[in-house]
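Have a look at the structure below, then the notes.
Derivation of every value follows stated rules applied to the coordinates shown; laboratory data play no part. Note that this is a predicted model, so its numbers are computed, not measured.
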Amino acid sequence: MCMLINIGFGNVVNMDKVISIVRADAAPVKRMVQVARDGGMAVDATCGRKTKCVLVMDSGHIVLSALQPETIENRVTDNPSAGGKEDD
């Protein structure tokens with residue numbers, strides 16, 4: 001079954017397709033984001049805010065979110081059917 005989780009500002013992702021959720025402040029992650037942007041494989045779901053979290057998808061795409069990784073983790077573990085509350 002498809003489990004959609006709110007990643008902020010009305011954006012949702014299918015958690016069945018997520019490989020990892022990582023903080024965006026490490027240098028290797030910043031390089032990964034830049035390579036994905038250059039290759040057209042990045043989806044920016046930050047609505048102009050600072051990227052705090054990067055979701056790596058099984059298709060090779062990455063999704064940028066303005067939420068903390070802990071917030072997304074809590075939404076997955078606490079309320080998997082509803083996706084948690086919106087933090088905008």
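Brief remarks on what is shown
- Relative to the longest principal axis of the Cα atoms of the chain, the long axis of helix 27-38 lies at roughly 80 degrees.
- Net length available on complete extension from Arg49 to Glu70 is 5.8 nm, with 0.36 nm assigned per residue and the Cα-Cα distance removed.
- Between the helical axis of 69-78 and the longest alpha-carbon principal axis of the chain there is an angle of about 30 degrees.
- Close amide H partners of Ile7, meaning residues 5 or more places away or on another chain with modelled amide H under 5 Å apart, are Val12, Val13.
- Rg to Rh quotient for the chain, alpha carbon positions, Kirkwood Rh: 0.94
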